[in-house]
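The values are calculated or read from the model by the stated rules, or taken from the named source; none is laboratory data. Note that this is a predicted model, so its numbers are computed, not measured. Note: ideal-geometry Cβ built from the backbone for every residue, glycine included; neighbour counts use all protein chains shown. Side chains included, ligands, DNA and RNA excluded: accessible areas come from the protein's heavy atoms. Shrake-Rupley method; radii C 1.70, N 1.55, O 1.52, S 1.80 Å.
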Amino acid sequence: MTTPHHYAIRPKDLGAHLYEVQLTVAAPDPAGQIFAIPAWIPGSYMIRDYAKHVVAIRAEADGRSVELQQLDKSRWQAAPTERVLTLVAEIYAYDESVRGAHLDNTHAYFNGPCVFPSVDGQENVECVLDIQAPDDSIGDGWRVATSMRRKDAQAYAYGTYVAADYAELIDHPVEIGDLAVGEFDVRGVPHAIAIRGRTRVDMARICHDLRTVCEQHMELLGEPRDFDRYLFLLHAPGKGYGGLEHRWSTSLVCSRDNLPQRGEEEISDGYRTFLGLASHEYFHLWNIKRLKPAVFTPYDLANESYTQLMWVFEGITSYYDDLILIRAGLISTESYLELLGQIVTRVIRSGGRHRQSVAESSFDAWTKFYKQDANATNAIVSYYAKGALIAATLDLKLRAESDGELSLDDVMRACWDRWGKGEEGMPEDGFESLCAEMVGDGLEDFFEAAVRGTGELPLQAMLATVGVDYHLRQALSRSDKGGKKKSGKRLTPLWLGANLSSAGGKLTFSSVLNGGPAEQAGIAPGDVVVALDGGALTATNCDRRLRSFRNGETLELVVFRGDDLMTTRITLMDAPANTCYLSIVEEADLATVARRDDWLNSA
Ligand SMILES: [Zn+2]
């Protein structure tokens, strides 16, 4: 039997944010063992070159130093030895995102790709991990939360953990700190949530609601064969939002204000956001962690891996995350339609949807979606948001054309059966060819236009089949996300054709929309607003002042570009109707109402 690789991680210096990682290999490559640190982390499609955080690295055998040569930005090779070889690295960790590693005097958090080198050629060997306490007594009361299987450790404690291979080792983020923990079962499978952050939440309610969400997901795709535990890791600071999916866990960040306090009963918009995020990452335990693009089987963690299917994995997941909330009875129909209206709004406000298809957006995720610049709104489309709308359109189309016999649920179950359960990997044409198998001909034109085209989706017509009306209106303010009706007399601000951001009291053009008034006036991204029509224009008075002018008026606009003051003239226009809200058709016939109920309540 092969001796496992033995990893040990210790928060070495909290003040300097340094972990010490030791890796002991019983049978190193006699030609000289190569070690590699991943360039990216699965779920976040950008080259991050985690090896850049290595501040010291050395190798030894039997207490004697072994020469270690760096081969490139992320690989090292030890001199040939037949003895047990140990690699020792110090790694800087001060990235407090769900994709990073972080260490300070309040907690320790890490993702495996940031801290654990792989043993080249021996990636399939079992990995044992010893999670050690910091020397400082500051960590004495800390608890350890991870979905990694315990080998010799109490629950939530320092000690020895084990993973079947390197891929599994780096798929269990670890949080160590002052954690609030809640536990619940879903179909007999133990689930837990561990929350870090100064927060006093209604843990019983969170567990109850998460359990309801998880049940609904299980109902849809069934329990994976190796699914025997699940952990939600949640960092709840004052501000923040994000998540990263893993096979048996997820790392989430959301504002503590979004979490329910004891005594609160309503589902606030913030709590709905949190539940939607948790629902999104949980759906990924099927869709991307087990059912994945063929190019991810296995992941090539040294290089970009190109696929046109991100819209299937992120878009369809973004469709189901909120849909599951209404199916679980946690939100109302109106609340669900508001969320869907907000996604439509996000898509139609971006001119980039006419330039880039979701297939292209998926393929170029590495350099475009994950590296957005000021021109992103003009040049790219989100495979999350438009992908979710393609999923919604396809779901309603399947339901309408099969008279309720077929839905996206059936397609996802078929995908799961074919490529998920056995983890064969979905080929690039897999999703569409499977749909064709199930439906027969007739979807080619839909996919061609929706996935590889840049026109509008037939969502409005599809929503009509379930008695939902689609409306467009103007944005009422810079913070108007859409989804709600809202009305009023002359509320509409005039339009500059730009997105503005405010920080430190400054109002800045963060992006300039192609063909809009700001572009025609020669405004560029980064220009700082000084005055409009002789009066100061600020973050606080912007919406109000814009309402005082008329469509077509040409005004003097003063900005700073760098430290140069510039004066130009801008012709204001009425804001475009790029804000969507959806409403229930009250007088819909019984068949339509039945289709709607089926859509929103069935699994
Ligand atoms: Zn996702």
Worksheet entry | the chain: Rg to Rh, with Rh as the Kirkwood radius over Cα pairs | 1.00
Fill in: Extension reserve of the ARG262-GLU556 stretch, reckoned as 0.36 nm per residue once the Cα distance is removed
100.5 nm
Fill in: Cα pair distances in the stretch 227-335, grouped into 10 Å bins until the bin that holds the longest one, percent each
13, 38, 34, 12, 3
Response to the item:
Relative contact order of the chain (C-alpha contacts under 8 Å, at least 6 apart) in percent is 10
Item to complete: State the Cα centre-to-centre distance between the stretch 1-40 and the stretch 370-401 in whole Å.
Response: 41
Item to complete: Enter the accessible area of MET148 (Å², nearest 10), with the probe set to 1.4 Å and all protein chains included.
Response: 10
Worksheet item: Magnitude of the Cβ-charge dipole of the stretch 135-193, K/R +1 and D/E -1, about the Cα centre, nearest 20 debye?
Response: 280
Item to complete: Find how much the distance from LYS239 to SER402 grows on full extension, using 0.36 nm per residue of separation minus their present alpha carbon separation; answer in nm with one decimal.
Response: 54.2 nm
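Taking all pairs of different Cα atoms in the stretch 329-385, averaging 1/r and flipping that mean, what Kirkwood radius in angstroms comes out?
Across the stretch 329-385, the inverse of the average 1/r is 12.3 Å.
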Worksheet entry | Dipole in debye (nearest 20) - the chain, about Cα centre, beta carbon charges: Lys, Arg +1; Asp, Glu -1 | 1920
Worksheet item: With every protein chain present, what accessible area does ASP120 have (1.4 Å probe, heavy atoms only), rounded to the nearest 10 Å²?
Response: 70
Worksheet item: If ligands, DNA and RNA are left out, what is the accessible area of GLU456 with a 1.4 Å probe, given in Å² to the nearest 10?
Response: 120
Practice prompt. Starting from the Cα coordinates of the stretch 166-225, work out the convex hull volume and express it per residue in Å³.
Written response: 104
Discussion item. Can you give me the accessible area per residue for the chain, using a 1.4 Å probe, in Å²?
Written reply: 42
Item to complete: For the stretch 546-598, build the charge dipole from Cβ charges (+1 Lys, Arg; -1 Asp, Glu) around the Cα centre, then report which of GLY562, ALA591, GLY552 sits farthest towards its positive end.
Response: GLY562
Fill in: Estimated dipole of the stretch 329-452 in Debye, rounded to 20 [Cβ of Lys and Arg +1, of Asp and Glu -1, Cα centre]
820
Discussion item. Charges on Cβ only, +1 for Lys and Arg, -1 for Asp and Glu, centred on the Cα centroid of the stretch 19-145; of TYR92, THR106, VAL144, which one is farthest towards the dipole's positive end?
Written reply: TYR92
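Shape of the stretch 292-378 from its Cα gyration tensor (a ≥ b ≥ c, root eigenvalues): rounded if a/c is under 1.5, otherwise prolate when a/b > b/c, or oblate?
It is oblate, given that a/c is not under 1.5 and a/b is not larger than b/c.
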Discussion item. Tell me the relative contact order for the stretch 379-462 as a rounded percent, counting alpha carbon contacts under 8 Å between residues six or more apart.
Written reply: 33
Practice prompt. With unit charges on the beta carbon (Lys/Arg positive, Asp/Glu negative), name the residue among ALA79, PHE184, ALA376 whose Cα is farthest towards the positive pole of the charge dipole of the chain.
Written response: ALA376
Worksheet entry | At R0 = 22 Å, FRET efficiency that the Cβ-Cβ distance of LYS151 and GLU67 yields, to 0.05 | 0.10
Worksheet item: Which order do ARG83, ARG200, ARG205 take by accessible area at a 1.4 Å probe, largest first?
Response: ARG200, ARG83, ARG205
Practice prompt. Can you spot the lysines whose alpha carbon is less than 18 Å from LYS486's alpha carbon? Ignore those fewer than 8 places along the same chain.
Written response: none
Response to the item:
Partner lysines whose C-alpha sits under 26 Å from that of LYS151, ignoring same-chain residues fewer than 8 away, are LYS12, LYS289
Response to the item:
Residue separation between ALA414 and THR592 times 0.36 nm, minus their alpha-carbon distance, gives in nm 61.4 nm
Fill in: Accessible surface of the stretch 166-275, 1.4 Å probe, proportion on carbon and sulfur as whole %
44
Fill in: Proximal lysines to LYS386, defined as alpha-carbon separation beneath 21 angstrom and excluding residues fewer than eight positions away on the same chain
LYS292, LYS368, LYS371, LYS397, LYS481, LYS484
